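Below: one structure, written as structure tokens.
The values are calculated or read from the model by the stated rules, or taken from the named source; none is laboratory data. These numbers come from a predicted model, not from an experiment. As a convention, Cβ positions derive from the backbone with ideal geometry for all residues, glycine included, and neighbour counts pool all protein chains shown.
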Amino acid sequence: MKKLVLAILAVTVPVAPAQAACWTAEQVSAAKVRDLDTMLMVASLRCRHTNVGVLTAYNGYVVRQRKALVAVNDVLRSHYAGGDKRAAMNAYDNYVTKVANRYGAGAAGLDCEDMQSIVEAMAAEAPQVDALVAVAERAGVEPYLDAPVCERPFGGSALTTAASVVGRK
């Protein structure tokens, strides 16, 4: 009887879509890079007829930064991981689509030449996630986040938090 009740519950309890609780600092940094990368991708496609240099620069950037971009996407996928893998992948795909939709009409105040300058700056960076995060932060990227940012356990930056945990200031 107990197995029957559990089986009925398993079938009747709705399965919630994969949704992460909060965004860690690492995930927010990855989201900044993904957001900037997506803006540049959309811009390169929008500008390809009027400024071929943007598309050429974007393609070169993707080749040079491939490993870092894959690492960024792995961090973002980890944000949605857990539970049902299909639901997690759907949630990740939904997130990426929402990021791309933010730039469908272009990026406010930036033209094709601006985009080419930004993509060339991204391509010139060392092929490391931290370097791309630094460019995204210099560009003032505010990424789309579908949940709040996780609070630090003791407040403050990661360095001050770590120092307080080990008793140093």
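May I ask you to list the residues in segment 55-66 that are under 22 Å from the mean Cα position of the chain (by Cα) and of a type in the set (Val, Ile, Thr)?
First pass over segment 55-66, keeping only residues under 22 Å from the mean Cα position of the chain (by Cα): 55, 57-66.
Hits for segment 55-66 are 62, 63.
What do you reckon, is residue 145 surrounded by 13 or more Cβ atoms within 10 Å (Cβ to Cβ) and modelled with pLDDT of 90 or more?
On the way: surrounded by 13 or more Cβ atoms within 10 Å (Cβ to Cβ): yes; modelled with pLDDT of 90 or more: yes.
Yes.
Among the residues of segment 73-92, is there at least one that is aliphatic (A, V, I, L, M) and at pLDDT 90 or above? First the steps, then the outcome.
The initial filter retains those residues of segment 73-92 that are aliphatic (A, V, I, L, M), namely 75-76, 81, 87-89, 91.
From the residues that got through so far, the ones that are at pLDDT 90 or above too are 75-76.
Yes.
Determine which single condition residue 38 fails, assuming it passes every other condition in (1) exposed (fewer than 14 other Cβ atoms within 10 Å of the Cβ); (2) in contact (Cβ under 8 Å) with a residue 24 or more places away in the chain; (3) polar (S, T, N, Q).
With respect to (1) exposed (fewer than 14 other Cβ atoms within 10 Å of the Cβ); (2) in contact (Cβ under 8 Å) with a residue 24 or more places away in the chain; (3) polar (S, T, N, Q), residue 38 is out only on (1).
Look through segment 103-114, keep the residues that are within 18 Å of residue 57 (Cα to Cα) and either at pLDDT below 80 or under 19 Å from the mean Cα position of the chain (by Cα) (or both), and return whichever of them is surrounded by the fewest Cβ atoms within 10 Å (Cβ to Cβ). Don't jump to the end; show me each part of the working.
Filtering segment 103-114 down to residues within 18 Å of residue 57 (Cα to Cα) leaves 106-107, 110-114.
Filter once more, so that each one left must be either at pLDDT below 80 or under 19 Å from the mean Cα position of the chain (by Cα) (or both): 106-107, 110-111.
Values: 106: 15, 107: 17, 110: 15, 111: 13.
Here the answer is 111.
When segment 45-60 is examined, which residues are found to be of a type outside the set (Ser, Thr, Tyr), farther than 20 Å from residue 101 by Cα, in a helix (DSSP H, G or I) and without any contact (Cβ under 8 Å) to a residue 40 or more places away in the chain? Explain how you work it out, then say what you get.
Filtering segment 45-60 down to residues of a type outside the set (Ser, Thr, Tyr) leaves 45-49, 51-55, 57, 59-60.
Next cut, farther than 20 Å from residue 101 by Cα only: 49, 51-53, 57, 59-60.
Now drop any that are not in a helix (DSSP H, G or I), which leaves 52-53, 57, 59-60.
Scanning segment 45-60 gives 52, 59.
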